[in-house]
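Scroll down for the structure; my scribbles are underneath it.
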Amino acid sequence: QQIGVTVDYDPGYTAIPYPGGDVPMETGVCSDVTVRALRVLGLDLQKEMHEDIRRNFSAYPCRRMWGQRKPDRNIDHRRVPNQEVYFKRRGWAKPVTKNPADYLPGDIVTCLIGDSIPHVMIVSDRKSEAGTPLCFHNIGMGTEEEDCLFDFTITGHFRPVLRK
């Protein structure tokens, strides 16, 4: 639903409504793809992460990585390292492997571009000719579906379990 709609990449800080806030749909970053996809499935990652970070601030890299003294509901859910912590805390972690069959549609994969740039992707239900699952992500040109699952160093593999 984001392909062709989210057509730009903008990592700038933006004040957004709470709960249910979002940057303009035509823009965003890789983590916004995840935020929007989970929202369609009924999980407001902005609200849920903000509440968890408020209760467990020291469990998140907010202070260490960004020098924060308190949670920020405008940006915390849009940061890949924070998403990784939240997904682990929810019990969504799966083993990181090199086997394409281990990655199912809807799985969330975190990785590093180069040695230091955190990135997040969502596994598609479509596969490459070689049988590798495609991924949805925004790596600079808006939301795209690409054969890139193993192009980066995978740091996390998560399978969302949404509770009603």
Point to revise | By accessible area with a 1.4 Å probe, ligands and nucleic acids excluded, highest first: order of Tyr60, Tyr9 | key: Tyr9, Tyr60
Review point. Summing Lys, Arg as +1 and Asp, Glu as -1, what charge do residues with Cβ under 15 Å from the Cβ of Phe136 carry, Phe136 excluded?
Key: -4
Point to revise | Computed accessible area, Glu26, all protein chains, 1.4 angstrom probe, square angstrom | key: 100 Å²
Point to revise | Overall Cα dimensions of segment 78-120, principal axis frame, Å, largest first | key: 27, 26, 15
Exercise for review: Using only alpha carbon positions, build the gyration tensor of the chain, then give the equivalent ellipsoid semi-axes as the square roots of 5 times its eigenvalues, largest first, whole angstrom.
Suggested key: 24, 18, 15
Review point. Label points 7 Å out from Cα along the Cβ direction at Val40 and Lys127: separation in nm?
Key: 2.2 nm
Practice item. Rounded to the nearest 500, what is the 222 nm mean residue ellipticity of the chain from helices alone, with -39500 (n - 2.57) per DSSP H run of 4+ residues and division by all residues? Key: -6500 deg cm²/dmol
Exercise for review: Taking the Cβ of Asp32 as the centre, find all other residues whose Cβ is under 14 Å away and add up their charges (Lys, Arg: +1; Asp, Glu: -1).
Suggested key: -3
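What's the local net charge at Phe87, with K and R +1, D and E -1, over the other residues with C-beta under 12 Å away? Before the final figure, lay out the partial values.
Numbers: positive: Lys88, Arg89, Arg90, Lys94, Arg159; negative: Glu48, Asp52, Glu84, Asp107.
Local charge sum for Phe87: +1.
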Exercise for review: Would you mind giving the average projected area, over all directions, of the Cα convex hull of segment 104-164 in nm² with one decimal?
Suggested key: 4.8 nm²
Review point. Averaged per residue, what accessible area in Å² does the chain show with a 1.4 Å probe, protein chains only?
Key: 52 Å²
Review point. Just how much of Ile113 is accessible, in Å², when a 1.4 Å probe is used and the result is rounded to the nearest 10?
Key: 50 Å²
Revision key, fill the gap. Ranking Ile117, Ile154, Ile139 from most to least accessible area with a 1.4 Å probe gives Ile117, Ile139, Ile154
Review point. Under unit Cβ charges (Lys, Arg +1; Asp, Glu -1), what dipole magnitude, rounded to 20 debye, does segment 94-164 have relative to its Cα centre?
Key: 500 debye
Check your understanding: Within segment 14-164, how many Lys pairs sit with Cα atoms under 28 Å apart, leaving out pairs fewer than 8 places apart on the same chain?
Key -> 11
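Considering only protein heavy atoms, with the full assembly of protein chains and a 1.4 angstrom probe, order Trp66, Trp92 by accessible area, largest first.
Details: Trp66 85, Trp92 0 Å².
Ranked from most to least accessible, the order is Trp66, Trp92.
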**Study point:** With every protein chain in place, the chain: carbon and sulfur % of accessible area (1.4 Å)
**Key:** 51 percent
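The values are calculated or read from the model by the stated rules, or taken from the named source; none is laboratory data. Here the structure is a predicted model, which means the values were calculated and not measured. All Cβ positions, even for glycine, are placed from backbone atoms using ideal geometry, and neighbour counts span all protein chains on display. The protein model used for the area step is the full one, side chains on, heavy atoms only, and it has no ligands, DNA or RNA in it. Shrake-Rupley method; radii C 1.70, N 1.55, O 1.52, S 1.80 Å.
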